[in-house]
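Working notes, beginning with the structure itself.
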Amino acid sequence: MAEADVTLLAPADELAEKAHHPHPGESSDYAEARKKLLAEEVELRRHLERVAAQRRAQLGDAGRDEMFLQRRQVAPFLEKHQT
């Protein structure tokens, strides 16, 4: 997967503004807080993707194969021990 060019991404606060759909009776303070939180969530997801891209670049093909095998071993354990 290619790393996204952050210069092509819309600013997080702009996306939050576009995505805002007012709830009936919400105050302007509440609406503003929701938009700020959404913008922070967008930035968090972008940061997580940048870290994941760095990890993928560092691991290379052999590392990805090893990580896949580890996940196959961990997944059954997690499924067995979920409450």
In nm, give the distance between the simple-model label positions of residue 49 and residue 26, each being 7 Å from the Cα along the Cα-to-Cβ direction.
-> 2.3
Placing each pseudo-label 7 Å from Cα in the direction of the beta carbon, residue 57 and residue 33 end up separated by a distance in nanometres of 3.9
Hey, what do the phi angles of region 24-36 turn into as Karplus ³J(HN,Hα) couplings, whole Hz, using 6.51/-1.76/1.60 and θ = phi - 60°, x for Gly and Pro?
-> x, x, 6, 6, 5, 5, 5, 4, 5, 5, 5, 5, 5
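None of the figures in this text is laboratory data; all of them are computed from the coordinates on show. Worth saying up front: this structure is predicted, and the values here are computed from it rather than measured. Methodologically, a virtual Cβ is constructed for each residue, glycine included, from the backbone with ideal geometry; neighbour enumeration extends over all protein chains shown.
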